[in-house]
Amino acid sequence: MASLALKDVHKSYGDTLVLDRVSLEVAARELIAFLGPSGSGKSTLLRIIAGLETADGGEVWLEGRRIDALPPGDRGVAMVFQHYALYPHMTVRENMAFGLRNAGVPKPEIDARIAQAAHVLEIEAQLEKKPGQMSGGQRQRVAIGRAIVKQPKLFLLDEPLSNLDAALRTRTRVELAQLRQRVDAALIMVTHDQAEAMTLADRMVVLNERRIQQVGTPMDIYARPANAFVARFVGSPAMTLAPATVMPGNDRFARVRLAGGAEVMTRVPRNGLVDGAPVSLGLRPEHVSLAPAEAATLQAEVILVERLGDRTFVYACLADGLEMIAQDIGSSAVRVGDRVGLRIDGDAAHLFEADGTGRHADAAT
Amino acid sequence: MSATSPRAGLSGPVLALLLVGAAVMLTPMVWTLLLSVKSNAALLGDSGAALSPPYTLDNYRAILADRLTSRWLLNSLIVSLGTTAGVLVLSSLAGFAFARLEFPFRRSLFLFVLLGLAIPEQAVILPRHQLFATLGLHNSYPGLILPGLTGSFGVFFMTQYFRAIPRDLDEAALLDGASRLRLFWSVLLPLTIPAQATLGVFTFLASWNDYWWPLISATTSDYYTLTVGLASAQMNYAQTSGLGFLMAQAVFASVPILIVYIVFQKQIVRAMAGTAVR
């Protein structure tokens with residue numbers, strides 16, 4: 001049985017539709033990441049599950065119980081807010097006890113639960129401090145602790161790492177991964193940071209334009225993006241989408257011609273593609289490499305070089321103005337202004353039809 | 001900026017100007033204090049006698065022995081504390097409602113409250129007098145306290161303060177299963193204590209110093225507040241109660257104010273600096 005089920009959830013603010021019939025099932029103990037740009041509706045969806053917003057229609061079920069008409073405190077969910085939302089006048093202990101006292105949990109049990117959570121989160125020494133006396137990372141732990149002690153059926157985390165500096169972010173990411181092993185509940189995390197989503201989530205839900213664009217494991221979404229939006233949104237640097245047309249032929253796989261005239265043989269099955277139809281050729285940087293002129297598919301001029309140590313991203317501009325990103329070795333000697341040859345790995349290329357629908361290399365062959 | 005740098009930056013002329021200003025402010029106070037510790041007889045001929053001994057505390061003893069002055073002090077305390085408590089309770093509840101609750105005509109009602117800031121007391125004092133006379137509220141504590149509770153400023157002030165508190169806290173409390181009342185009482189109200197202190201001090205001072213309404217409403221000396229009582233003593237043309245006694249009464253009346261200022265100076269300075277809301 002699904003832990004959480006959303007059925008046709010929709011929501012408008014006045015005339016502005018913010019969520020358009022969203023349906024989703026989350027398995028028990030699963031960690032789901034809602035990923036999307038600002039305004040995609042991901043935070044609204046989280047708030048509807050929490051009960052902080054009311055959906056205009058649809059149903060929210062948690063462990064077999066319909067919860068969308070219940071007040072937030074009765075839903076069995078706990079939330080970690082982006083800015084923590086700790087009660088500033090209460091000590092850490094009081095912050096953690098507040099919800100339990102409201103629920104009528106006996107004091108000895110409150111004390112026991114707080115002690116256990118504080119031990120797990122290593123904040124035992126901070127219990128009598130107030131949030132104002134603590135660092136950002138410590139406050140984050142308290143916010144997580146406040147959620148844990150309630151022993152909810154579902155954890156909601158709103159941009160949990162966005163307020164932390166880079167070093168702390170990496171550490172907290174590891175801690176969150178460990179945390180989920182210890183709690184017997186599903187977790188939903190909202191983020192606009194794909195690295196966060198890909199490293200932590202069992203499955204990602206990519207949202208855009210009020211709708212779910214794709215649901216899948218991080219690698220599934222990376223390797224087989226459902227549409228052009230997902231293809232460009234997931235992956236850094238973004239996938240290059242080069243305008244192309246499907247060439248006539250009887251091959252099993254589609255051959256396309258780029259606007260500049262170069263041809264690329266893909267491993268995307270041809271079935272259903274119309275000869276001459278406009279498509280976009282999708283190429284991840286790791287599938288475009290620098291090559292000597294005779295082995296190159298295309299010629300281009302280097303406009304930007306990003307050196308990451310272990311590899312180098314080369315941004316190059318084709319004759320027709322299209323920008324393409326190639327990956328080279330860490331010690332690449334290429335420089336801005338160089339003319340380089342680009343070799344396209346057609347076997348790994350994706351095709352996106354005019355409506356954005358993605359087609360991918362046939363995994364079976 | 002460090003706390004000491006403004007002082008370090010004072011130039012000679014500025015310091016001199018401040019000293020002159022302080023002298024101008026302090027001289028009448030010192031003069032009042034000196035007069036209050038002289039016997040009435042010594043001041044009868046020449047008030048300049050205040051500058052030389054002997055000094056005495058007879059006037060203060062007389063005040064403490066005078067049943068009426070003690071009564072006026074008690075009246076002032078009851079009225080000022082009653083008004084302050086009432087304003088804090090009403091302003092906090094109304095501020096919470098305007099800042100956090102959804103109800104019909106909320107914006108119009110708030111505008112209506114703001115309009116109250118633009119209406120001077122003089123404009124309503126006659127109908128208020130008639131209303132209180134009809135209701136038989138003159139010469140009573142409710143009659144002295146109730147008008148002070150109608151001020152718009154407290155509601156406006158507390159509404160702004162509640163609005164400045166992040167809504168995340170409300171949402172966290174709702175997820176923690178708190179009712180609206182619990183949210184107000186346990187989460188938001190404790191966070192408004194700095195605002196409560198500022199509003200409380202100003203309400204207390206305004207109420208303590210109020211002269212006009214008590215003068216109209218309290219017509220028997222049993223319900224005089226200290227301001228009205230002292231003024232009635234000054235109308236004693238022949239100064240039979242004496243200049244020294246009068247000044248002792250003035251000092252006596254300002255002691256509670258002085259205590260309030262000393263205890264709450266931080267809030268007063270903060271309110272004056274306009275940084276009351278965080």
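Using alpha-carbon positions, what is the distance between the centroids of the stretch B:92-116 and the stretch A:329-361, in Å? Between the Cα centre of the stretch B:92-116 and that of the stretch A:329-361, the gap is 60 Å. Label positions at B:His129 and A:Asp355, each projected 7 Å from the Cα along the C-beta direction, are separated by 8.2 nm. Computing Rg and the Kirkwood Rh from the Cα coordinates of the stretch B:3-129 gives a ratio, Rg/Rh, of 1.18. The simple Förster model, with R0 at 56 Å and r as the Cβ-Cβ distance, assigns B:Leu74 and A:Ala27 a FRET efficiency of 0.20.
Here the Kirkwood formula puts the hydrodynamic radius of the stretch B:57-272 at 19.5 Å, using every distinct Cα pair. Computed from the C-alpha gyration tensor, the three semi-axes of the ellipsoid equivalent to the stretch A:240-360 are 27, 13, 12 Å, from longest to shortest.
On a per residue basis, chain A carries 44 Å² of accessible surface, using protein heavy atoms and a 1.4 Å probe. Converting phi to 3J(HN,Hα) with the Karplus coefficients 6.51, -1.76 and 1.60 and the offset θ = phi - 60°, the stretch A:10-19 yields 9, 7, 10, 10, x, 8, 8, 7, 10, 9 Hz in sequence order, with x at every glycine or proline. Both numbers refer to the Cα atoms of chain A; Rg and Dmax are 24.6, 78 Å.
Rg and Dmax of the stretch A:49-199, based on Cα coordinates, read 15.4, 46 Å. When all protein chains stay in place and ligands, DNA and RNA are ignored, the 1.4 Å accessible-area order of A:Tyr222, B:Tyr55, largest first, is B:Tyr55, A:Tyr222. Rolled with a 1.4 Å probe across the full set of protein chains, the surface gives B:Thr56 an accessible area near 30 Å². Couplings 3J(HN,Hα) of the stretch A:227-234, computed from phi: 8, 4, 4, 4, 4, 7, 7, 9 Hz, in residue order, whole Hz [Karplus 6.51 cos²θ - 1.76 cosθ + 1.60, θ = phi - 60°; x for Gly and Pro].
Taking the accessible area of the stretch A:68-117, probe 1.4 Å, and keeping the other protein chains in place, the carbon and sulfur fraction comes to 56%. For chain B, adding -39500 (n - 2.57) for each run of n ≥ 4 DSSP H residues and dividing by the number of residues yields -22000 deg cm²/dmol at 222 nm.
For chain B, what % of the accessible area comes from carbon and sulfur atoms, probe 1.4 Å? Carbon and sulfur atoms account for 71 percent of the accessible area of chain B. When B:Leu115, B:Leu35 are compared by accessible area at a 1.4 angstrom probe, the order from most to least is B:Leu115, B:Leu35.
A:His10 sits with roughly 40 Å² accessible to a 1.4 Å probe, with DNA, RNA and ligands left out of the calculation. Taking every protein chain into account, the 1.4 Å probe leaves B:Ile216 with about 50 Å² of accessible area, to the nearest ten. Take the Cα pairs of the stretch A:80-162, get the Kirkwood Rh, then feed it into Stokes-Einstein at 37 °C and 0.692 mPa s and tell me D in µm²/s. Value of D from the Cα-based Kirkwood radius: 260 µm²/s. The helix-based estimate of mean residue ellipticity at 222 nm for chain A, built from -39,500 (n - 2.57) per DSSP H run of four or more residues and divided by its residue count, is -7000 deg cm²/dmol to the nearest 500.
Of the residues A:Arg267, A:Arg284, the one with the largest accessible area comes first in the ranking A:Arg267, A:Arg284, computed with a 1.4 Å probe on protein heavy atoms.
Amide H to amide H, with H built 1.01 Å from N, A:Gln214 comes under 5 Å of A:Val206, counting only residues 5 or more places away or on other chains. For the chain pair A and B, the interface hides roughly 1600 square angstrom of accessible area in total, found with a 1.4 Å probe.
Here the convex hull built on the C-alpha positions of the stretch A:173-287 has a volume of 137 cubic angstrom per residue.
The reciprocal of the average 1/r between distinct C-alpha atoms defines the Kirkwood hydrodynamic radius, which for the protein assembly as shown equals 31.6 Å. What FRET efficiency would be calculated for the residue pair A:Ile303, A:Thr245, taking the C-beta separation as r and a Förster radius of 25 Å, to the nearest 0.05? Approximately 0.45, to the nearest 0.05. Per residue, the stretch B:57-272 exposes an accessible area of 51 Å² to a 1.4 Å probe, with every protein chain left in place. The angle separating the long axis of helix A:136-148 from the principal Cα axis of greatest extent in chain A is about 70 degrees. Sparse packing (at most 12 other Cβ atoms within 10 Å of the Cβ) combined with a DSSP loop state is found for the following GluC sites (Glu not before Pro) in the stretch A:68-161: A:Glu122, A:Glu128. Which part of the stretch B:100-124 falls in the paramagnetic zone of B:Arg167, meaning amide N under 12 Å from the point 7 Å along Cα-to-beta-carbon? The answer is B:100-102, whose backbone nitrogens lie closer than 12 Å to the label point. The B:Phe105 and A:Arg211 beta-carbon pair, evaluated with R₀ = 51 Å, returns a calculated FRET efficiency of approximately 0.85. Take the alpha carbon atoms of the stretch A:17-52, find their center, do the same for the stretch B:128-186, and report the distance between the two centers in whole angstrom. The two parts, judged by their Cα centres, are 39 Å apart. Measuring heavy-atom accessible area with a 1.4 angstrom probe and counting protein chains only, the residues of the stretch A:50-92 that give up at least 30 Å² relative to the chain alone are A:Leu52, A:Pro72, A:Gly73, A:Phe81, A:Ala85, A:Tyr87, A:Pro88, A:His89. Relative to the longest principal axis of the Cα atoms of chain A, the long axis of helix A:92-102 lies at roughly 80 degrees.
Helix B:193-209 and the longest principal axis of the Cα set of chain B meet at an angle near 40°. Taking the chain by itself as reference, the stretch B:157-175 contains these residues with an accessible-area loss of 20 Å² or more in the full protein complex (1.4 Å probe, heavy atoms): B:Asp168, B:Leu169, B:Glu171, B:Ala172, B:Leu174, B:Leu175. Near A:Leu100: Cβ cut-off under 13 Å, other residues only, Lys/Arg at +1 and Asp/Glu at -1. The net charge is +2. Hey, how many Å between the Cα centroid of the stretch A:86-113 and the Cα centroid of the stretch A:250-299? Between the Cα centre of the stretch A:86-113 and that of the stretch A:250-299, the gap is 61 Å.
The values are calculated or read from the model by the stated rules, or taken from the named source; none is laboratory data. Bear in mind that the values here come from a model prediction, so they are computed numbers and not experimental data. Glycine gets a Cβ as well: all are built from the backbone with ideal geometry, and neighbour counts include every protein chain shown. Just the protein is used for accessible areas: all its heavy atoms, side chains included, with ligands, DNA and RNA removed. Shrake-Rupley method; radii C 1.70, N 1.55, O 1.52, S 1.80 Å.
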